[in-house]
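Have a look at the structure below before the remarks.
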Amino acid sequence: MAEPRISSIDGRLAEEFAVPSHIEEVKGKMSAFATHHAAAGHRVVLITSGGTKVPLESRTVRFLDNFSSGSRGACSAEYFIESGYAVIFLHRHRSLYPYTRTLSTINILDALQVRGEADGAGNFGEVVVNQQVLPNITKVLKKYQEVKDNRLLLPIEFTTLSEYLHLLKAAAQALSTIGNKAMFYLAAAVSDFYIPASEMPEHKIQSSDGPLQLSLNMVPKILSPLVKDWAPQAFVISFKLETDATILLEKARRALSTYRHQVVVANILDSRRGYVLVVTPSTQTELILAQEDIQNKLEIEERIVSNLTSAHSKFITEQVGL
Ligand code: PMT
């Protein structure tokens, strides 16, 4: 079946997906961030991370969620920053976050201790970090503060599918001003199904009404207008998640020929921490971490980011001659 026309996807976005009230403010922030960093000679990557939430009721009690911890996106953000990129981190509220992700198993109340007593005169004693976690926290905090001081990370949050779609469009338009210096790294897990606002019940669905039958519409494939219309000069990477390894390569190739973007990073749910396939129109490269590497805390994102930053450089160089 032919792809829907770009204008029809734009129209559907406006009509069927609630526009977040802060969209213009966020778009302004993303534009200023991109312009500032491009002027400073940095490339800018937009990372999407975490899963979208699709409400089943307007006053939402129940919803559909796409699986993603946000680890891929958060971890990749750190390696992109190390490689000289500025990062717009469009992520699901409360999913894993760059730098703090490595501390996510620490209970903050176990990590801190109060020394001294409150004296009733505004002195509350001193809070100190336990020796056990101090080296780890200090290392992460130093990196985080450096990134903050240099304003290299712009976090933007989404929760629902509607927010994700509109924020991604706004990001694409904001980054279009820096042409091929922009990269899109679309690692979020995005729902393919939704209930249009006009068909959504307002109140909680009642179990007393009997078994629930849902009819869900297809979400427009946002990659299509992103590549063709919103940011046509950018370097675009989509992710492909499958659970059946035998169809992975074929699905990645099909995505490349449908959307005509530059790279698909394909992965299987169970092996995603140790294996990905980086597919371009003319190549396919396996990136693999051995079990031992994973135990030694090596991260496959370091290899993914290294592969993609090189490919981005080549993409920019090849366009100079055009
Ligand atoms: O977060 P982790 O736990 O570390 O897991 C990482 C991950 C497995 C989520 C990640 O590596 C990954 O594979 N992300 C993509 C998952 C996915 O939902 O793929 P998909 O087949 O639904 O979508 C493929 C591509 O199409 C995506 O790049 C998406 O941006 C795009 N898409 C999807 C839906 C839609 N309506 N429009 C789109 O353009």
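Every number here is computed from the coordinates shown, using simple stated rules; none is lab data. Worth saying up front: this structure is predicted, and the values here are computed from it rather than measured. All Cβ positions, glycine included, derive from the backbone under ideal geometry; neighbour counts span all protein chains shown.
Scanning the range 99-140 for residues that are touching a Phe, Trp or Tyr at 6+ places or on another chain (Cβ under 8 Å), aliphatic (A, V, I, L, M) and within 20 Å of C75 (Cα to Cα) returns a single hit, V140.
Taking the criterion of being closer than 16 Å to S76 by Cα and either touching a strand residue (DSSP E or B) at 6+ places or on another chain (Cβ under 6 Å) or near the ligand (Cβ under 8 Å from one of its atoms) (or both), the residues of the range 264-276 that qualify are V264, V265, A266, N267, R272, R273, Y275, V276. Each residue in the range 218-235 was checked for being surrounded by 13 or more Cβ atoms within 10 Å (Cβ to Cβ) and within 11 Å of the ligand (Cβ to nearest atom), and 9 of them qualify. Inspection of the range 205-223 identifies at least one residue that is within 24 Å of the chain's Cα centre (by Cα) and in a helix (DSSP H, G or I). Among the candidates S198, S176, the residue that is outside any strand (DSSP E or B), of a type in the set (S, T, N, Q) and surrounded by fewer than 13 Cβ atoms within 10 Å (Cβ to Cβ) is uniquely S198.
How about the range 241-263: which of its residues are within 8 Å of the ligand (Cβ to nearest atom) and farther than 19 Å from G70 by Cβ? Listed by number, the residues that qualify are E242, K251, A255, Y259. Taking the numbered list (1) within 11 Å of the ligand (Cβ to nearest atom); (2) assigned to a strand (DSSP E or B); (3) without any contact (Cβ under 8 Å) to a residue 40 or more places away in the chain in turn, S238 passes all entries but (3).
Against the criterion of being aliphatic (A, V, I, L, M), within 9 Å of the ligand (Cβ to nearest atom) and not in a loop (DSSP other than H, G, I, E, B), L165 qualifies. The strands (runs of 3 or more DSSP E) found wholly in the range 80-132 and carrying at least 1 residues that are surrounded by 20 or more Cβ atoms within 10 Å (Cβ to Cβ) and of a type in the set (F, W, Y) occupy 85-92.
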